[in-house]
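See structure below.
Here, each number is a calculation from the coordinates, and none is a lab measurement. Because the structure is predicted, anything quoted here is derived from the model rather than measured. In this analysis, Cβ positions are derived from the backbone assuming ideal geometry, glycine residues included, and neighbour counts consider all displayed protein chains.
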Amino acid sequence: MNILITGATGFIGRRLVQRLQQPDHVIRVLSRNGRRAGSLLGVPAYQWDCRTEDVPGEAMRDCQVVINLMGENLGDGRWTEARKHEIYASRILSTRKLVAAAPDSLQTFVCGSAIGIYPGSGDTLYDESCTMPEQRGFIQTICHDWEQEAARIERNGVRRVSIRTGVVLGQGGMLQKLLPVFKLGLGGPVGSGLQWLPWIHIDDIVSVFANAALDSRYHGAINAVSPNPVRYREFAHALGKVLQRPAVFPVPALLLRLALGEAAALALNSYRIAPKRLLEELGFRFKYSELGAALEDLLGDKQ
Ligand SMILES: NC(=O)c1ccc[n+]([C@@H]2O[C@H](COP(=O)([O-])OP(=O)(O)OC[C@H]3O[C@@H](n4cnc5c(N)ncnc54)[C@H](OP(=O)(O)O)[C@@H]3O)[C@@H](O)[C@H]2O)c1
């Protein structure tokens, strides 16, 4: 199987490339810096700037699977108008161009999405069947448009999967940003601490993406979160416990809004999400379904 991966140099992508490197697969990647990506990952890498260029034909040739993970990081500071544009274009424009360049050989298109597609409030439990409100904020618009662009590939008879990813816990992402503060014993719940955190362990999200690429039962939008979301205050407590540090210093919502502006929504919104399709339809077995075990695995020996 020829598999093309974008965003392969990222937190999830690096692990996914390792997982899919099997004798019967040939992995290629697209990156803004092809040379760097090739030497980092040890696979053929093609340079692509999605804002100014079409997808290089060579990268797509005889490709059976595309996995599209690229996108400007949402958590790296304030959402200025320029960054908002970059966050949007790096996902939606890239997906549009990949869909337009799909060769006849393509069978499967797996695309990133996020739990940010759901209304970020309250205690209501959302699964893939819930009705979305017509009015959308910035994160919802990104996720909605990203899925719509990806879904266009279905007209060519290609199986499309959009993975609504939760907050990934691993050596990167949110945990990496929180660790220095928590290690100093200065961590604690964010805002009220009552908002829900839809976490997933890096091993499990990599399995979901690998399955989506290779298992034809996967199609459409799929929530990728652990079956046991927790409230932020439980998360802070569990993290403090694994690190053997107090985690009692709350980060006030106002402070976060002043520091991050609109981007504070990433930590303050409440997403209580169920992985209904993974569990009930696809029989997915989570390696880590309890937060304590997930954090112990990631941080247990590394205090
Ligand atoms: N990590 C999470 O908790 C999480 C949660 C929900 C959804 N997701 C989504 O899943 C995807 C992968 O997540 P990740 O955490 O692995 O992402 P990541 O570490 O931030 O990496 C994504 C990759 O995208 C490329 N990229 C970054 N900025 C770009 C830009 N402005 N234009 C074009 N390409 C750009 C980079 O590859 P090159 O430098 O090689 O070009 C980068 O390695 C993302 O789209 C993300 O939104 C992640």
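Kindly put Thr131, Thr141, Thr124 in sequence by how many other C-beta atoms sit within 10 Å of each C-beta, fewest to most. Could the numbers behind the result be given before it?
On the way: Thr131 6, Thr141 16, Thr124 12.
Ranking Thr131, Thr141, Thr124 by Cβ neighbours within 10 Å, fewest first, gives Thr131, Thr124, Thr141.
If each of Glu281 and Asp127 carries a label point 7 Å out from its Cα toward its Cβ, how far apart are those two points in nm?
1.0
Please report the spacing between the Cα centers of region 252-302 and region 7-69 in Å, no decimals.
Region 252-302 and region 7-69 have Cα centres spaced 27 Å from each other.
Enumerate the calculated ³J(HN,Hα) couplings along region 259-272 in order (Karplus 6.51 cos²θ - 1.76 cosθ + 1.60, θ = phi - 60°), each rounded to whole Hz, writing x wherever the residue is Gly or Pro.
Each residue of region 259-272 in turn: 6, 10, x, 4, 5, 4, 4, 4, 9, 9, 5, 10, 10, 9 Hz.
Give me the compactness ratio for region 1-77, meaning the Cα radius of gyration over 2.2 N^0.38 Å.
1.05
Which lysines does Lys241 reach when only Cα atoms under 20 Å apart count, and residues fewer than 8 places away in its own chain are ignored?
Lys177, Lys183, Lys302
Taking the Cβ of Ala102 as the center, what net charge do the other residues with Cβ under 14 Å away carry, scoring Lys and Arg +1 and Asp and Glu -1?
Working: positive: Arg61, Arg96, Lys97, Arg152, Arg155, Arg159, Arg160; negative: Asp54, Asp62, Asp104, Glu149, Glu154.
Every neighbour counted, the sum reads +2.
Given N residues in region 181-303, what is Rg(Cα) / (2.2 N^0.38 Å)?
Details: Rg = 16.2 Å, N = 123, 2.2 N^0.38 = 13.7 Å.
Compactness ratio reported: 1.18.
Obtain the nm distance between the two label points defined at Arg152 and Leu194 by a simple spin-label model: each point lies 7 Å from its Cα along the Cα-to-C-beta direction.
Spacing of the two 7 Å Cα→Cβ label points: 4.3 nm.
Among Asp127, Asp204, what is the fewest-to-most ranking by other Cβ atoms within 10 Å? Show your work: numbers first, answer last.
Numbers: Asp127 14, Asp204 26.
Final ranking by Cβ density, sparse to dense: Asp127, Asp204.
In terms of the ratio Rg/(2.2 N^0.38 Å) built on C-alpha atoms, what value belongs to region 10-142? It would help to have the intermediate numbers written out before the result.
Working: Rg = 16.7 Å, N = 133, 2.2 N^0.38 = 14.1 Å.
This ratio for region 10-142 stands at 1.18.
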